[in-house]
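Asker: Take a look at the following structure, please.
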Amino acid sequence: MESTAMPSAQPTTIFNPIQLYLLRLFSKMESEHELEEVQQVLSDYYFSKVEKRAAEISKKKGWTQTTLDAMANEHFRTPYK
């Protein structure tokens, strides 16, 4: 009896539109400096989104800078016995 093993299928990677756009963009980069600039732009973009969301949460909870400073100095770890 002859073996008819199927070749193992490689997983297919499906990119979303944003990933495809970034792949095309990065494929045109001609220098390390350009890549670093685009990375900085993306980092700045996501930092601003996080900063905005943190401000929304602080406002919703009524936190002030004094509250945030107190939280920064708070000890939240579980004490060991």
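What follows is calculated from the coordinates using simple rules that are stated; it is not laboratory data. Remember, it's a predicted structure, so these values are computed and weren't measured experimentally. All Cβ positions, even for glycine, are placed from backbone atoms using ideal geometry, and neighbour counts span all protein chains on display.
Asker: Quick one: Met71, Met29, fewest Cβ neighbours within 10 Å first, how do they rank?
Answerer: In order of increasing Cβ crowding within 10 Å: Met71, Met29.
Asker: Moving on to the next point. Can you give the extra length, in nm with one decimal, that the chain gains between Asn73 and Glu30 once fully stretched, where that is 0.36 nm per residue apart less the Cα-Cα distance?
Answerer: Length gained, Asn73 through Glu30: 10.9 nm.
Asker: Then there's this: Starting with the fewest neighbours, write out Ile57, Ile14 ranked by other beta-carbon atoms found within 10 Å of each beta-carbon.
Answerer: Starting with the residue having the fewest Cβ neighbours, the order is Ile14, Ile57.
Asker: List the aspartates and glutamates whose alpha-carbon lies under 20 Å from that of Lys60, not counting same-chain residues fewer than 8 positions away?
Answerer: Glu51, Asp69
Asker: Nearest 0.05, what FRET efficiency do Leu23 and Ser43 give at R0 = 22 Å with Cβ-Cβ as r?
Answerer: Once the sixth-power term is evaluated, E becomes 0.75.
Asker: Here are some values of percent of Cα pairs over 18 Å apart: (1) 28; (2) 73; (3) 32. Which one was computed from this structure?
Answerer: It is the one labelled (2).
Asker: If you don't mind, another one. Express in nm, to one decimal, how much length is gained between Glu51 and Thr64 on full extension, taking 0.36 nm for each residue of separation and deducting their alpha carbon distance.
Answerer: Separation in residues times 0.36 nm, less the Cα-Cα distance, equals 3.2 nm.
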